[in-house]
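Please treat every number below as a calculation from the coordinates, not as lab data. On a predicted model such as this, the values are computed, not experimentally measured, just so you know. Heads up, the Cβs are rebuilt from the backbone with ideal geometry, glycines too, and the neighbour counts pull from every protein chain shown.
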Amino acid sequence: MSKITVIGSGPSGVHFALSLLKKGHLVEMIDVGFSGETPVNPNDSFNELKENLEDPVKYFLGENFEAVVGTDSASVYEFPPHKQYIFKNPEGYDVELHGFEPHLSFARGGLAEAWTGGSYAFNDTDLEDFPFGYSEIEPFYNEISERIGLIGVDDDLSRFFPYHKNLLPPLDLDEHSQSLFNIYEKKKDKLNKNLGMYLGRSRIATLSKDQGSRKKCDYSGRCQWGCPSDSLYVPTITLNECLNYKNFKYISGILIKHFDYDNNNRITAVIGFDVAKKTEKVFKVETLALAAGTIGSSRIFLDSFLRKEGKIIKLAGLMDNRQILAPFINLKMIGKQFNPDSYQYHQLAVGIDTDDPKSYIHGQITTLKTGMMQPPFQSMPLDFKTGIFLGRHLHSSFGVVNINLCDTRRDDNYLTLSQNNEGGSKLVINYKPPEGEDKTIKFSLKKMGKFFGKLGAVIPMFQVQLRPMGASVHYSGTIPMSGSGNPLTVSPNCKSNDFSNLYIVDGSTFPFLPSKNLTFTLMANAVRIADAEF
Ligand SMILES: Cc1cc2nc3c(=O)[nH]c(=O)nc-3n(C[C@H](O)[C@H](O)[C@H](O)COP(=O)(O)OP(=O)(O)OC[C@H]3O[C@@H](n4cnc5c(N)ncnc54)[C@H](O)[C@@H]3O)c2cc1C
Ligand code: SF4
C-alpha cells in the first residue's frame with residue numbers, strides 16, 4: 001500500500017482521502033486547519049437562541065457589529081463572529097490583487113464550512129473541454145450524493161443538470177418559495193417557450209432523512225450560523241469519518257510553503273511553516289496530492305519552482321463565476337408573517353437557456369426568512385422609522401436571485417509571484433472580465449426581470465449588485481487537465497505533467513467553468529482520481 005500526502009482538508013481533499021483510506025492506503029493530510037466552536041444550544045431554534053443566549057447581539061451581530069453588511073458591500077450577508085475563522089489567513093500570506101477579490105480559507109474543512117450546499121452535476125455540454133464525459137463521472141456523482149446526503153428532484157431543471165442516483169426527497173418549501181413555484185407551474189408552458197426559462201428545486205447538500213449520527217433537517221432556521229444537527233453537509237463531517245481510520249494521520253497548524261524535488265522531477269518533501277511555533281517543518285513525501293484549493297495549490301506550485309530553480313512562472317487560465325445579486329419583492333407576500341422555522345438557504349433554482357448551451361445561466365433563489373434583512377433596506381432612501389415599518393411588513397416578501405455566469409480559461413487571467421525584500425514571495429492575481437460581459441449581464445437581468453414579473457414579483461433594478469470577480473469562490477483553471485502532456489497541465493486523471501509523483505485534486509485542473517456551482521464536481525472528480533490511479 002502506498003503513502004499519499006494530501007495538502008488541505010476542503011471538500012476536494014477529504015473525499016480524495018476517504019477513497020484512498022477505503023482502499024487501504026496510508027494517508028497523511030497536512031493542513032493549516034484553523035477551527036471554530038461547536039454550535040451553541042444545539043436544540044434551540046433561531047427564535048429560541050435569541051431568547052436563551054446570554055448575549056444574543058454578540059452572537060448574531062458581533063461585539064463590533066462585524067456581521068452587519070456595510071453600505072459598500074456587494075454581499076447579502078456577512079458571517080457571524082464565530083464563523084470568521086473560516087476566512088482567517090495565516091500571518092505573512094501576502095497577496096497582490098488586480099481585478100480579483102478572492103476569499104481564501106485555511107480552515108479545517110476549507111471554504112465549504114461556510115457554503116450554502118448548492119450541488120449540481122455537470123452535463124456533457126459542461127464537460128465538453130474535460131477529458132471525460134458525463135457517463136464517466138456519473139458513478140462518482142452517485143457516490144458523493146450518498147456520502148454527503150443530497151436533495152434533488154427530477155423536474156424542469158434536469159434538462160440542465162442530470163438527475164442521478166442517491167438523491168434524497170425534498171424538504172418542505174417555505175411559503176414564499178411555494179408561492180413562486182405554484183405560479184410557475186401554472187404559467188410554465190409560456191415561460192419556457194417565450195423566455196427559455198425554467199424553475200425547479202435547487203439541489204442542496206442537506207438531509208431530509210437521518211443518516212448515521214446526522215439528523216434530518218428540523219427547520220430550525222439556523223443554517224447561516226452553523227447547522228447544529230449536521231443536516232447541512234460540511235467537509236469536517238467527512239474529515240471526522242477519515243479520522244476513524246487507523247491508516248489516516250491529520251497534521252494541522254502547518255502552512256505548506258513549497259515542495260522540493262530531485263533532478264528527475266520527483267518530489268521528495270514538502271516544506272511547511274508551523275503557524276503557532278513559527279518554525280520550519282519538513283515532511284518526506286512518496287506521492288503528493290495538492291488539494292489546497294485552486295489558489296492555495298497554485299501558490300505552492302509557483303513557490304516550488306521559485307525555491308528550486310529561481311524561476312518565476314505564470315499559471316494562466318484562472319476562472320471564477322461572475323455573480324449578480326438581484327433582490328426581488330413578491331407582491332403576493334406583502335404584509336404576511338414569515339415563518340422562522342424554515343430552511344434558510346435557497347430551495348429553488350432558475351435556469352436560462354441560451355443560444356450556446358455552454359453559456360447556460362444559472363440562478364439560485366433565496367427567500368428571506370431568518371436571514372439578515374438589513375441589506376435590501378440599506379440602499380433605500382428611507383429614514384430609520386420608515387425603514388423599520390416597511391421592514392416589518394415587507395420581510396416575508398423579499399428574496400434574492402443569485403445569478404451565475406460561466407467562465408473560460410484566458411491568458412489575461414493568471415497567478416504569478418513577485419519577490420519581496422525579505423527574500424519571500426507575494427502571490428499576484430490578475431483578472432479581466434471577458435469581452436461582451438456587459439451584454440450577458442444585461443441579457444440575464446432583462447430575462448430575470450420579465451420572469452419574476454410573470455411570477456408576481458418585482459426586481460428593483462437599482463438594488464441589483466454586480467459582485468466583484470472572486471466573490472463567487474468558484475476558483476479553477478490554472479493547471480488544466482489535458483491529453484497534451486504539456487508542462488503546467490495535468491493528465492486526464494490529474495497527474496502532473498511536470499512532476500512524476502504529483503496529483504492535483506482540486507479545481508486547478510478544470511478546463512472550463514460552467515455557471516453551475518462547482519463543488520459537487522470537485523468532490524466527484526477527486527474520487528474519480530483516487531479510483532483511477534490508486
Ligand atoms: C459563502 C460561501 C458559499 C458557497 N456556496 C457554495 C455552493 O452553494 N455550492 C458550491 O458548489 N460551492 C459553494 N461555495 C464554494 C466552495 O466552498 C468551494 O468551491 C470549495 O470549498 C473548494 O474546495 P477545495 O477543497 O478545493 O478548497 P478549499 O475549500 O479552499 O480548502 C482548502 C484547504 O486547503 C488548506 N490549505 C490551503 N493552503 C494551504 C497551505 N499552503 N498549506 C496547508 N494547507 C493549506 C486549507 O486549510 C483548507 O483546508 C461557497 C463558498 C462560500 C465561501
Ligand atoms: S439545515 Fe438549517 S434549517 Fe435545517 S436543521 Fe440545519 S440549521 Fe436548521
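Would you mind calculating the gained length between residue 125 and residue 240 on full extension (0.36 nm times residue separation, minus the Cα-Cα distance), in nm to one decimal?
Gain in length upon complete extension: 37.9 nm.
Suppose each label sits 7 Å from its Cα in the direction of the beta carbon; what would the residue 165-residue 96 distance come out to in nanometres?
Placing both labels 7 Å along Cα→Cβ, they lie 5.1 nm apart.
Using each residue's phi in segment 111-119, evaluate 6.51 cos²θ - 1.76 cosθ + 1.60 at θ = phi - 60° and report the 3J(HN,Hα) Karplus result to the nearest Hz, with x for Gly and Pro.
4, 6, 5, 10, 6, 10, x, x, 9
Which of the peptides 207-214, 223-230 is most tightly packed, and how do the rest follow, going by the mean number of other Cβ atoms within 10 Å of each residue? The partial results should precede the final answer.
Working: 207-214: 15.5, 223-230: 21.2.
By packing density, highest mean first, the sequence is 223-230, 207-214.
If eta is 0.890 mPa s and T is 25 °C, what Stokes-Einstein diffusion coefficient results for segment 233-296, Kirkwood Rh from Cα pairs, in µm²/s? If you can, show how the numbers build up before the last one.
Numbers: Rh = 13.7 Å.
For the chosen part, D equals 179 µm²/s.
Which ³J(HN,Hα) values, rounded to whole Hz and listed in residue order, are derived for segment 509-515 from phi using the Karplus coefficients 6.51, -1.76 and 1.60 in 6.51 cos²θ - 1.76 cosθ + 1.60 with θ = phi - 60°, glycine and proline given as x?
Going residue by residue, I get 8, 6, x, 8, 10, x, 6 Hz, with x marking Gly and Pro.
Out of the trypsin sites (Lys or Arg not before Pro) in segment 268-332, which ones are loop residues according to DSSP with at most 12 other C-beta atoms within 10 Å?
Values: sites: 277, 278, 281, 284, 299, 307, 308, 311, 314, 322, 332; in loops: 277, 278, 311, 314, 322.
Of the trypsin sites (Lys or Arg not before Pro), the ones in loops of segment 268-332 whose Cβ has at most 12 other Cβ atoms within 10 Å are 277, 278, 311.
Beyond 16 Å, how much of the Cα-Cα pair distribution for segment 195-263 remains, as a whole percent? Present the calculation step by step, with values, prior to reporting the outcome.
Numbers: 1574 of 2346 pairs.
Tail of P(r) above 16 Å: 67 percent of Cα pairs.
In terms of modelled amide H atoms, which long-range or inter-chain residues lie less than 5 Å from the amide H of residue 425?
420
Between segment 397-438 and segment 186-256, how far is it from one alpha carbon centroid to the other, in angstrom?
27
Which value in Å is the Kirkwood Rh of segment 288-403 over different Cα pairs?
Working: mean 1/r = 0.0548 Å⁻¹.
Here the Kirkwood hydrodynamic radius works out to 18.3 Å.
Hey, what's the Cα Rg ratio for segment 53-188 versus the globular rule of thumb, 2.2 N^0.38 Å? It would help to have the intermediate numbers written out before the result.
Working: Rg = 20.0 Å, N = 136, 2.2 N^0.38 = 14.2 Å.
Cα Rg divided by the expected 2.2 N^0.38 Å: 1.40.
Using helices alone, what [θ] at 222 nm do you get for the chain, with -39,500 (n - 2.57) per DSSP H run of 4 or more residues, divided over all residues and rounded to the nearest 500? Intermediate values should be presented prior to the final figure.
Details: 11 runs with 129 residues, N = 534.
Helix contribution divided over all residues of the chain: -7500 deg cm²/dmol.
Report the full-extension gain for the segment residue 274 to residue 135: residue separation times 0.36 nm, less the Cα-Cα distance, to one decimal in nm.
Answer, rounded to one decimal: 45.7 nm.
Would you calculate the separation in nanometres between label points at residue 215 and residue 264, each defined as 7 Å from the Cα along the Cα-to-beta-carbon direction?
5.6
What lysines does residue 495 reach when the alpha-carbon gap must be under 24 Å and sequence neighbours fewer than 8 apart in one chain are set aside?
Within the straight-line limit of under 24 Å, residue 495 reaches these lysines: 3, 22, 23, 249, 257, 284, 308, 311, 314.
What ranking do 2-10, 290-298 get when scored by the average of other Cβ atoms within 10 Å per residue, highest first?
On the way: 2-10: 24.7, 290-298: 28.3.
Put in order of decreasing packing, that is 290-298, 2-10.
Could you work out how far the C-alpha centroid of segment 101-134 sits from that of segment 270-321, in angstrom?
Segment 101-134 and segment 270-321 have Cα centres separated by 21 Å.
What are the residues whose amide H is under 5 Å from the amide H of residue 476, where those residues sit 5 or more places off or on another chain and H is modelled from the backbone?
Residues meeting the criterion, in which the H sits 1.01 Å from N, are 319.
Give the lysines reachable from residue 442 as a straight Cα distance under 25 Å; neighbours fewer than 8 places away on the same chain don't count.
187, 188, 190, 193, 358, 432, 450, 454, 516
Using packing as a proxy for protection, rank 423-434, 354-365 so that the peptide with the highest average count of other Cβ atoms within 10 Å comes first. Let's see the in-between values first.
Working: 423-434: 16.7, 354-365: 18.4.
Per-residue mean Cβ counts within 10 Å order the peptides as 354-365, 423-434.
Which Rg and Dmax, in Å, describe the Cα atoms of segment 209-343?
Spelled out, the Cα radius of gyration and Dmax of segment 209-343 are 22.6, 71 Å.
Classify segment 3-533 from the C-alpha gyration tensor, please: rounded if a/c falls under 1.5, else prolate or oblate depending on whether a/b exceeds b/c. Intermediate results must be reported in sequence, preceding the final value.
Working: a/c = 1.61, a/b = 1.46, b/c = 1.10.
Prolate, since a/c reaches 1.5 and a/b exceeds b/c.
Loop only by DSSP, 11 or fewer other Cβ within 10 Å of the Cβ. Give me the trypsin sites (Lys or Arg not before Pro) in segment 145-208 that pass, ordered by residue number.
165
Output the antiparallel fraction of DSSP beta bridges having both residues in the chain, as a percent to the nearest 5.
Numbers: 57 of 81 bridges.
Looking only at bridges with both residues in the chain, the antiparallel portion is about 70 percent.
For segment 203-210, what does the Karplus curve 6.51 cos²θ - 1.76 cosθ + 1.60, with θ = phi - 60°, yield as ³J(HN,Hα) per residue in whole Hz, taken in order and with x for Gly and Pro?
8, 10, 7, 9, 8, 9, 9, 4
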